[in-house]
Amino acid sequence: REKESKYKSWMSKLLMAKENTDQRKSCIDVERNAFRIKKSNAEKSKIEKEEKFFRETFQYTKEIKVINRATAKSLVPSKRRVDLPVTAGEQLDVIDVTEGSAVICRNSEGRYGYVLVEHLNFR
């Protein structure tokens with residue numbers, strides 16, 4: 001009987017230890033999920049910052065809607081602050097058409113700027 005009682009106490013301690021580790025794992029998972037949420041909020045604030053900069057620089061008061069999608073034909077560096085630098089094959093959202101040969105586009109990073117129509121392929 002002494003041996004049986006000795007094993008029972010040992011077994012109960014072992015089971016309790018496993019339960020505690022399960023609780024710790026769940027706490028770690030919750031903390032990791034919290035970091036993921038913060039990361040998405042950071043991305044969201046970056047996009048909002050880019051949009052605010054765009055509205056102030058271009059004095060754009062209309063609703064931002066995607067009119068069309070285009071692909072850049074070649075690498076085009078920006079010469080001015082309002083121009084959008086693009087690389088060959090980059091997908092762009094066309095936001096607005098301006099007078100002349102330029103359109104206002106948004107890239108995948110959320111940056112806005114003018115791109116000449118001659119540098120774009122429309123689907």
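The values are calculated or read from the model by the stated rules, or taken from the named source; none is laboratory data. Treat the numbers as computed from the prediction; the structure is a model and nothing was measured. Reconstructed Cβ throughout: ideal geometry from the backbone, glycine too, with neighbour counts over all protein chains shown. What goes into the accessible areas is simple: the full protein's heavy atoms, side chains included, and nothing from ligands, DNA or RNA. Shrake-Rupley method; radii C 1.70, N 1.55, O 1.52, S 1.80 Å.
Sub-7 Å Cβ pairs linking a first residue in the range 35-54 that is at pLDDT 85 or above to a second residue that is open to solvent by 60 Å² or more (accessible area, probe 1.4 Å), at least 6 apart or interchain, are GLU50/ARG111, ordered by first then second residue. Taking residues in the range 85-107 that are over 15 Å from ASN121 (Cα atoms), and partners anywhere that are polar (S, T, N, Q), the pairs with Cβ atoms closer than 9 Å and at least 6 places apart or on different chains are PRO85/SER78; PRO85/ASN107.
When the strands (runs of 3 or more DSSP E) confined to the range 73-123 are screened for residues that are touching a strand residue (DSSP E or B) at 6+ places or on another chain (Cβ under 6 Å) and open to solvent by 70 Å² or more (accessible area, probe 1.4 Å), those reaching at least 2 such residues are found at 120-122. Scanning the range 104-123 for residues that are of a type in the set (Asp, Glu) and within 14 Å of GLU90 (Cβ to Cβ) returns a single hit, GLU109.
For SER9, indicate whether it is of a type outside the set (Phe, Trp, Tyr), open to solvent by less than 60 Å² (accessible area, probe 1.4 Å), modelled with pLDDT under 90 and more than 18 Å from GLY110 (Cβ to Cβ). Yes: the conditions hold for SER9.
When GLU50 is tested against (1) open to solvent by 60 Å² or more (accessible area, probe 1.4 Å); (2) part of a helix (DSSP H, G or I); (3) under 15 Å from CYS105 (Cβ atoms), just one condition goes unmet, and that condition is (1).
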